[in-house]
Amino acid sequence: MNTPEQVTTTPDPWHTLSQFTPARIALGRAGMSQPTRASLDFQLAHALARDAVNIPLDFAGLAQALAAQGHQSLTLPTQADNQRLYLQRPDLGRLLGAAAQGILQDTATIKADAVVVVADGLSSKAIAHHAPAFLKLLLPELCAKGYALPPICLVKHGRVAIGDAIAGHFAARLCVVLIGERPGLSSPDSMGIYFTYQARAGVSTDADRNCISNIHDNGLSYAQALAKLLYLIDESERVRFSGVNLKDGTTEAGLENQPPERCFLLG
Amino acid sequence: MYTIRTASLCYDFKNLRNLMAKASPPRSGDYLAGVAAVSHLERVAAQWVLADVPLKQFLTEALVPYEQDEVTRLIIDGHDRVAFAPISHLTVGDFRNWLLSERASTESLTAIAPGLTPEMVAAVSKIMRIQDLILVAKKCRVITRFRGTIGLANRLSTRLQPNHPTDNPAGVAASVLDGLLYGCGDAVIGINPVSDNLQATTRLLHLLNDVIERYQIPTQSCVLAHVTTTLQAMAQGTPVDLVFQSIAGTQKANDSFGINLALLQEAHLAALELKRGSIGDNCMYFETGQGSELSANAHEGLDQQTCEARAYAVARQFKPLLVNTVVGFIGPEYLYDGKQIIRAGLEDHFCGKLLGLPMGCDVCYTNHAEADQDDMDMLLTQFAVAGGTFIMGVPGADDVMLNYQSTSFHDALYLRQVLGLRPAPEFEQWLQTHQIFDAANQLAAQRSIPALFKPALDKLNGYCDEHA
């Protein structure tokens, strides 16, 4: 690639649109195909994402970060003993392992309105980067509502539905699961939040959950995610359910206030 | 009944459901469900037994009980015995021979489609090789219309998928324009919204509607929100072209999606009433994918490919414009690697086409699957050779909202070059009129911004200069 790429490729004269989106637009072309640079960019990002899937979460570090915020936590392994098994057997990632059940037995007497679960999911980077900072905003809000909270449950090799078992154990009404989302090329560290009212293992289904996804530096901000979650919590307390029939009624002030000329195609 | 003695071993497959699962080519989801064959020999033994099963048997032995599952009731009650008559005497093995023969022409395949059940086509697919799946699907022709004609011979359509991590309108519009300038978007311009929020959905629907009207693009829009959200949007008078919903092949799985047949019917009627299609009224867009039933813990003991075919019975009830198997999205616990993803994509296309559906394929994978771009190129090419109806167009093949890899605008242009595939005729006309494509459906050789979009981009550049 010693020759300037313009000599061997046809560039797209609309680079200016890249200011609006992280998507891979205006790549140009070699013939009708992606130029070498764009093609290798993609392969590089894929290599990073593939490697990221397999990096284990530092649970001790996470527990320490929460302790520094004044919050106790429990680290609970699921029945998926290793990463390979975890990827192929999602059923095991929804079940607490024997060690976890032992740990939970010691907490049997704790009363709870809400449980907060943090699971590594498919991106340990997402949890490492975003969970401590988000919890720093969320936990004071939950405490201000007067909710009784058990220790934060940190789940190793966990799937979303692991929250059901944990909410059931504490007889909690509200279940909030923070989980690492499957890494994308442009966002290896995207975090998702699943909220379930009256989550119970074997009873709750995906239709009973509300999902807030894409929480990362170029996605949904902590403040936006928090506003959505608090709205869902308050609404679910009113109507006594969650899921597809509980609509996210929050307005996105940032988008509403955009000047009309921002939508250049219709300006 | 389902017994075979082979290689000095005796296999007794208890029932048709068990036999179908054991006969399935290997995939991780069936192992996860505990329904897969435990050895190669057991799998082939099951395929031998399955080949001798009369097609009629599928009308009397329901794989999920009629009383407990509305998808089964839809399949049985909706079966067209007249259409079935020409093949009613065949076994599964004979049916494969018939499909490969010259007797199975485009016309005869179209005629028998209402007489086929999902289980029949799933069964025959299990004893077919990839070249069989391609050959037979290629003979099927399914044509649908809204503002363009989808599915004509030697055509390939594309869904422009301009997703944005925060549903930002300018961000969406940037990807829309990039795609249009690469000749993409005749199947639909379809956005997956970040959250299922009526306000965000409505705003995106207005944006796409305004762009399509302003630039007179012969295509249709869709925001892939839950059907209940789209119903609310329609009730408020929002411009909805296509109603989207993810569907599955068992009642229990559809329950977990928060849908049932009556709800889909309500949405279908509401969309028909809007009469927004200019040349046709196919106004539904469905997505499916092997493994979604098991993922919802609702597979009813079926293998995932049979579940998937049953979802097509749900789809065909509502005469969709598009059906999309999102084959590699679900992850390695259902389709482990490139080999499993490729075969599943071609099976889904074959089964859907045989049942009379306009099948597209989201040729895709996730970063935790054992797959890469080479695997996708294999499926992409084979799917197009098989006469696939449409593929996705995602900027650079990287969906920055859903976090997976699909196909790029460039990928569609690759297929147009090597296979001579053209876009839908109305869209082709629009592309050529505005000098995006030349007469040979290639991108115009010397690149300048077409006059149609020049004012918008000039204004944007001016705006940026002023504020630089």
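Observations, loosely collected:
- Cβ separations smaller than 8 Å between residues 6+ apart or across chains give the following pairs from region A:129-153 residues that are closer than 25 Å to A:Asp189 by Cα to residues that are of a type in the set (Phe, Trp, Tyr) and surrounded by fewer than 19 Cβ atoms within 10 Å (Cβ to Cβ): A:His130/A:Tyr222; A:Ala133/A:Tyr222; A:Phe134/A:Tyr222; A:Leu137/A:Tyr222.
- Residue check for A:Ala65: in contact (Cβ under 8 Å) with a residue 12 or more places away in the chain and at the interface with chain B (Cβ under 7 Å from one of its Cβ atoms): no
- Test: residue in region A:243-264 that is at pLDDT below 95 and hydroxyl-bearing (Ser, Thr, Tyr): yes
- Any chance B:Leu208 is surrounded by 21 or more Cβ atoms within 10 Å (Cβ to Cβ), more than 21 Å from the chain's Cα centre (by Cα) and not basic (Lys, Arg): yes
- Only one of the numbered conditions (1) at pLDDT 95 or above; (2) within 14 Å of chain A (Cβ to nearest Cβ) is violated by B:His368, and that is (1).
- Single condition B:Asn260 does not satisfy, out of (1) at pLDDT 95 or above; (2) within 14 Å of chain A (Cβ to nearest Cβ); (3) buried (at least 18 other Cβ atoms within 10 Å of the Cβ): (3)
- Look at (1) part of a helix (DSSP H, G or I); (2) surrounded by 24 or more Cβ atoms within 10 Å (Cβ to Cβ); (3) touching a strand residue (DSSP E or B) at 6+ places or on another chain (Cβ under 9 Å) and you find that B:Ala384 fails only one, number (2).
- In region B:194-226, the residues that are among the acidic types (Asp, Glu) and part of a loop (DSSP other than H, G, I, E, B): B:Asp196
- Qualifying residue in region A:83-102 (condition: part of a loop (DSSP other than H, G, I, E, B), within 14 Å of chain B (Cβ to nearest Cβ), free of Cβ contacts under 8 Å to residues at least 24 places away in the same chain and more than 30 Å from A:Leu137 (Cβ to Cβ)): yes
- Evaluated against (1) closer than 25 Å to A:Gly180 by Cα; (2) out of contact with any helix residue (DSSP H, G or I) (no Cβ under 6 Å at 6 or more places or on another chain); (3) aliphatic (A, V, I, L, M); (4) more than 9 Å from chain B (Cβ to nearest Cβ), A:Val7 falls short on exactly one condition, (1).
- Residue count, region B:52-70 (criterion: surrounded by 19 or more Cβ atoms within 10 Å (Cβ to Cβ) and over 19 Å from B:Phe84 (Cβ atoms)): 2
- Among residues of region A:24-62, those that are small (Gly, Ala, Ser) and without any contact (Cβ under 8 Å) to a residue 24 or more places away in the chain, counted: 9
- Contact annotation: residue pairs with Cβ atoms under 7 Å, 6 or more positions apart or on different chains, pairing a residue in region B:172-183 that is acidic (Asp, Glu) with a partner that is surrounded by 24 or more Cβ atoms within 10 Å (Cβ to Cβ) and outside any helix (DSSP H, G or I), are B:Asp178/A:Ile25.
- Tabulated pairs, region B:1-28, first acidic (Asp, Glu), second exposed (fewer than 14 other Cβ atoms within 10 Å of the Cβ), C-beta under 7 angstrom, 6+ apart or interchain: B:Asp12/B:Thr3
- Subset tally (residues that are more than 21 Å from B:Thr149 (Cα to Cα) and out of contact with any Cys (no Cβ under 6 Å at 6 or more places or on another chain)) for region B:269-311: 23
- Residue in region B:392-412 that is away from every other protein chain (no Cβ under 12 Å), within 21 Å of B:Ile191 (Cβ to Cβ) and either part of a loop (DSSP other than H, G, I, E, B) or of a type outside the set (Lys, Arg) (or both) present: yes
- Scanning region B:18-35 for residues that are assigned to a helix (DSSP H, G or I), surrounded by fewer than 21 Cβ atoms within 10 Å (Cβ to Cβ) and within 12 Å of chain A (Cβ to nearest Cβ) yields a count of 1.
- The single condition from (1) in contact with an Asp or Glu (Cβ under 7 Å, 6 or more places away or on another chain); (2) part of a loop (DSSP other than H, G, I, E, B); (3) β-branched (Val, Ile, Thr) that A:Ile127 fails is (2).
- Residue list for region B:304-330, restricted to those being in a loop (DSSP other than H, G, I, E, B), farther than 22 Å from B:Gln220 by Cα and in contact with a Leu (Cβ under 8 Å, 6 or more places away or on another chain): B:Val327, B:Gly328, B:Phe329
- For region B:331-380, residues that are assigned to a strand (DSSP E or B) and either free of Cβ contacts under 8 Å to residues at least 24 places away in the same chain or within 11 Å of the chain's Cα centre (by Cα) (or both) total 3.
- Scan of region B:164-193 for residues that are assigned to a loop (DSSP other than H, G, I, E, B), at the interface with chain A (Cβ under 10 Å from one of its Cβ atoms) and either in contact with a Lys or Arg (Cβ under 7 Å, 6 or more places away or on another chain) or surrounded by fewer than 24 Cβ atoms within 10 Å (Cβ to Cβ) (or both), ordered by number: B:Thr166, B:Asn168
- Output for region A:26-58, where each listed residue is more than 16 Å from A:Ser124 (Cα to Cα), touching a strand residue (DSSP E or B) at 6+ places or on another chain (Cβ under 8 Å) and not small (Gly, Ala, Ser): A:Arg29, A:Met32, A:Pro35, A:Thr36, A:Phe42, A:His46
- Among the residues of region B:189-207, those identified as in contact with a Cys (Cβ under 9 Å, 6 or more places away or on another chain) and farther than 20 Å from A:Arg24 by Cα are B:Ser195, B:Asp196, B:Leu205, B:Leu207.
- One residue from A:Leu95, A:Leu66, A:Leu76 being at pLDDT 95 or above and crowded, with 23+ Cβ neighbours inside 10 Å: A:Leu76
- Tally, over region B:194-214, of residues that are within 7 Å of another protein chain (Cβ to nearest Cβ) and either basic (Lys, Arg) or closer than 23 Å to B:Pro425 by Cβ (or both): 2
- Taken together, the residues in region A:180-233 that are more than 8 Å from every other protein chain (Cβ to nearest Cβ), among the β-branched types (Val, Ile, Thr) and closer than 27 Å to A:Ala45 by Cα amount to 2.
- Elements of type helices (runs of 4 or more DSSP H) in region B:46-162, at least 3 residues being at pLDDT 95 or above and more than 26 Å from B:Tyr11 (Cα to Cα): B:70-77, B:81-84, B:92-100, B:106-112, B:130-139
- Filtered by the rule that a residue be in contact with a Phe, Trp or Tyr (Cβ under 8 Å, 6 or more places away or on another chain), surrounded by 14 or more Cβ atoms within 10 Å (Cβ to Cβ) and not in a helix (DSSP H, G or I), region B:8-17 gives a lone residue, B:Phe13.
The values are calculated or read from the model by the stated rules, or taken from the named source; none is laboratory data. Since we're looking at a predicted model, the values are computed, not measured. No Cβ is skipped: glycine too gets one built from the backbone with ideal geometry, and neighbour counts run over all protein chains shown.
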